[in-house]
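The values are calculated or read from the model by the stated rules, or taken from the named source; none is laboratory data. Treat the numbers as computed from the prediction; the structure is a model and nothing was measured. Reconstructed Cβ throughout: ideal geometry from the backbone, glycine too, with neighbour counts over all protein chains shown.
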């Protein structure tokens, strides 16, 4: 399994595959790790030297911290009540961080493109997104590394923001689901490039896309994140096939893709006179 040489007396059989004593002692590799496109040698490195998903954990803690602070400061677990409408005009609290096209056009508050990914409007919204982020993030981060995962997350955020601004310009949007769809798209593309079976991830993707048509979910954000994430996953997958040198520059290439997506977003949203310096 790990690709290391094994003497005949030390070889163990596992489902018809010769295993060294070290592999026998390791936990079983999850489906997510097997389907991430790793070679047997890379999988063995992950199993023998597991890396804690620090970036994924940090993102989850930031999302939790922002939500808990907003609840502590304003005393409301759901920010859609009363004057604090999440579908129209932002009034305060999380509304100061949400993605809302008029605020970008009129006030130039471009930080909302990023901050909107870290806010959640109620407990269900928060828990569902954190579980999805953890299940995808820890697999991708452990198999590809923190830097590559961070850039894939960033490109998902940018793509999700662009999609939301294009398809839902008058709606206040927030949540990390655009980036989650980006990670799902990246994982699917990595599997395709590696020649893996994509049945499970494709089925999961189709189910979540179907749910995205519900009126309280941001279809544009999900589609935008998915497309951008798939493009990022294609870049990483092709770099992996080209060898270690190419793989080393994969995070840089994905970061360039994220920057390009942001520049497209600015071009789409900003008034022409602002772009011309008028």
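Residue-by-condition table, conditions (1) within 20 Å of residue 139 (Cα to Cα); (2) in contact with a helix residue (DSSP H, G or I) (Cβ under 6 Å, 6 or more places away or on another chain); (3) surrounded by fewer than 21 Cβ atoms within 10 Å (Cβ to Cβ); (4) assigned by TED's automatic domain parsing to the domain that holds residue 175:
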residue	(1), (2), (3), (4)
190	yes, yes, no, yes
239	yes, yes, no, yes
243	no, no, yes, yes
253	no, yes, yes, yes
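Among the conditions (1) in a loop (DSSP other than H, G, I, E, B); (2) under 17 Å from residue 131 (Cα atoms); (3) without any contact (Cβ under 8 Å) to a residue 24 or more places away in the chain, residue 195 misses just one, which is (2).
Condition (residue is in a helix (DSSP H, G or I), under 12 Å from the mean Cα position of the chain (by Cα) and farther than 27 Å from residue 270 by Cβ) applied to the range 145-167: is it met by at least one residue? Scanning the range 145-167 turns up at least one residue that is in a helix (DSSP H, G or I), under 12 Å from the mean Cα position of the chain (by Cα) and farther than 27 Å from residue 270 by Cβ.
Is there any pair with a first residue in the range 137-164 that is at positive phi and assigned by TED's automatic domain parsing to the domain that holds residue 118 and a second that is surrounded by fewer than 24 Cβ atoms within 10 Å (Cβ to Cβ) and assigned to a helix (DSSP H, G or I) whose Cβ atoms are under 9 Å apart and which are 6 or more apart or on different chains, and what are they? Within 9 Å, the pairs are 145/251.
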